[in-house]
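Everything on this sheet refers to the single structure shown next.
The values are calculated or read from the model by the stated rules, or taken from the named source; none is laboratory data. Here the structure is a predicted model, which means the values were calculated and not measured. Cβ placement follows ideal geometry from the backbone for every residue including glycine, while neighbour counts extend to all protein chains displayed.
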Amino acid sequence: MNVSTAIAERFSCRSYKTDAIPGEMIHTILEAGRLAPSACNQQPWRFAVVTSDDARTKIVETAFLKGIPMKWALNAPVFFVLGMVRSTTTHKVAPLLSGIDYPWVDIGIAGEHMALQATELGLGTCWIGWIHKKRLRNIVGWPRNIRPAAILTCGCPAENTDHPRRGRLELNALTSYIK
Ligand SMILES: Cc1cc2nc3c(=O)[nH]c(=O)nc-3n(C[C@H](O)[C@H](O)[C@H](O)COP(=O)(O)O)c2cc1C
């Protein structure tokens, strides 16, 4: 699958088969995150791979914020928890001058590398940002310097999975050309 196809095929998968994902696939997805670019090559991402039923259930029941129904995530056999470590210079001092919060940009790139890699492997993913970061950190056993930033659910899409194409703004509403 080429990159354009992976970009076109990826969608937020909210219906999974419960079958486990082979370890090599998990490794390939993690590698795709690891190879992402980052400001000053700081690589602020950390990954926790959650596969046990107990831990995933605990995350869904206690570390998802209320208000958005997300019980569907229970069926996803893998949660990639994306964490962030802040460096002093690039992540604390530089943003005071530039106003750009670099590690969030970096985590977004790494996570989407992973989502696209999963797509190539025939897997579905969904970003989850509606999380309680302290509870999630406790469940995955991270120290205080790693801040949970998001979860990517991952697994084989269920047979009947609907792929709703979410609308996108037209390019001309998003783009200006400066010649
Ligand atoms: C940073 C981020 C956080 C998101 N958080 C959630 C979430 O908490 N729950 C959820 O069901 N979907 C979540 N999504 C998925 C978006 O709703 C989805 O990407 C968007 O509606 C576009 O649909 P598509 O991914 O199918 O193209 C999130 C996506 C991103 C990028």
- Among the residues of region 109-125, is any part of a helix (DSSP H, G or I) and closer than 15 Å to GLN42 by Cα? yes
- Query: Hey, any hits in region 85-94 for a residue that's within 15 Å of the ligand (Cβ to nearest atom) and either of a type in the set (S, T, N, Q) or under 16 Å from the mean Cα position of the chain (by Cα) (or both)?
  - Reply: no
- Restricting region 18-32 to residues that are at pLDDT 95 or above and closer than 16 Å to CYS126 by Cβ, the residue that is surrounded by the fewest Cβ atoms within 10 Å (Cβ to Cβ): ILE21
- Item | Residue count, region 125-169 (criterion: in contact (Cβ under 8 Å) with a residue 12 or more places away in the chain and near the ligand (Cβ under 10 Å from one of its atoms)) | 16
- Item | Options ILE107, ILE151, ILE178, ILE131: the member that is aliphatic (A, V, I, L, M) and surrounded by fewer than 16 Cβ atoms within 10 Å (Cβ to Cβ) | ILE178
- Can you find even one residue in region 148-155 that is at negative phi and part of a helix (DSSP H, G or I)? no
